[in-house]
DNA sequence: TTACTTATGTTTATTGGTGAATATATTCAT
DNA sequence: ATGAATATATTCACCAATAAACATAAGTAA
């Protein structure tokens, strides 16, 4: 299970070191793809395969399902961690998530998310404002 | 069952000693997360895992469910008690709860809460004022 | 081929997490 | 009250993770 958030830097060769804590569970072979809210998703291959299968089975008739799976599938790229635990981020994904030097790597259960650092901070403040109201949901979850 | 409140200090390496009384029940491996009312929650791993599983299964498609699980999962961090019973508090959580040097550690049945000391005092006085009224609600809940 | 660019791999330095030791405070029993 | 025992606070020193710089290899175009 991936949890926690880290700030790392992308070097001038577009490489990003994955936090030590995530490496073991992530494995060497991973898949990176366009995520929701302008971030990138990074999956261990196994998780990805399961997800891809689901995406492939979405009804071709519905245009938004089509759009969603196109974005995820066509946007995907397999990347390997090198000897120092770094991945190479493809240009089009780097652009998509408007990644600069500082990025946030967040653990979200079965995937990692990669964010532009400022965007992440914005998103967080915005979301935290409403999260107290969501406290009710916590109750439903048995917290 | 965790009960009672303690005032402890965070050292300059952002470490916080857990009160001796809580250590045995808490265990070595714990998870610290964003809590409600700007405090932090500290769970024994088992308690956390049950919660995390529910969070992990929330639908990725819905934006507020996404926001919620991002805050809870990415906001969480597993921390181990070191040989002196201390935990390391990540920067972003320290900020979130605006922790200074003095913090309050309170036992709340199945979790601990970590508060900024002044905020805790404020919260307490504020809450004690209204506690009489709350009595009625308690009745409704069968206490 | 040669120069040049891009990708990949390695080395070094700095930062910050980790562990141990000492000092201070608190509690309890005499 | 006094001292012993236990708990907490603080400090110092070490090690590991990350970031940056450097070096090598591979590919591309003139």
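What the table below lists for this structure:
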item	result
Gain on full stretching of the segment that runs from residue A:21 to residue A:68 - 0.36 nm per residue minus C-alpha separation	13.9 nm
Residue order, fewest to most beta carbons within 10 Å, for B:133, A:54	B:133, A:54
Estimated FRET transfer efficiency when R0 is 41 angstrom, pair residue B:7-residue B:60 (beta carbons, to 0.05)	0.50
Fraction of beta bridges assigned by DSSP in chain A that are antiparallel (%, nearest 5)	100 percent
Sum of -39500 (n - 2.57) over DSSP H runs of 4+, divided by residues of chain A (222 nm, nearest 500)	-12000 deg cm²/dmol
Other protein chain Cβ atoms within 10 Å, averaged over every residue that makes up B:56-63	3
Residue of B:62, B:28, B:95 that the Gaussian network model of chain B assigns the largest fluctuation, springs spanning Cα pairs under 10 Å	B:62
Cβ-based exposure ranking for A:2, B:2, in which fewest neighbours within 10 Å come first	B:2, A:2
Label 7 Å beyond Cα on the Cβ vector: residue A:20 copy-to-copy distances, nm	3.2
Projected label distance in nm at residue B:109 and residue A:29, using a 7 Å step from Cα toward the beta-carbon	4.7 nm
Three-way shape call for region B:45-97 based on the alpha-carbon gyration tensor, with the a/c threshold at 1.5	oblate
Alpha-carbon gyration tensor eigenvalues x 5, square-rooted, for the protein assembly as shown, Å	37, 23, 17
Alpha carbon centroid spacing (whole Å) that separates region B:48-74 from region A:104-133	12 Å
For region B:84-143: relative contact order, % (alpha-carbon pairs under 8 angstrom, 6 or more apart)	21 percent
Cβ-based exposure ranking for A:11, A:37, A:64, in which fewest neighbours within 10 Å come first	A:64, A:11, A:37
Copies compared at residue B:98 - label distances in nm, ascending, label defined 7 Å from Cα in the Cβ direction	2.9
Highest average packing first - A:84-90, B:81-87, Cβ atoms within 10 Å	A:84-90, B:81-87
Computed over chain B: relative contact order in percent, which uses C-alpha pairs under 8 Å that are six or more apart	35 percent
Label spacing, shortest first and in nm, from residue B:118 to its equivalents in the remaining copies (7 angstrom along Cα→Cβ)	3.1
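FYI, it's all coordinate maths here, none of it is from the lab. Quick caveat, the model's predicted, so the values are computed rather than measured. Glycine gets a Cβ as well: all are built from the backbone with ideal geometry, and neighbour counts include every protein chain shown.
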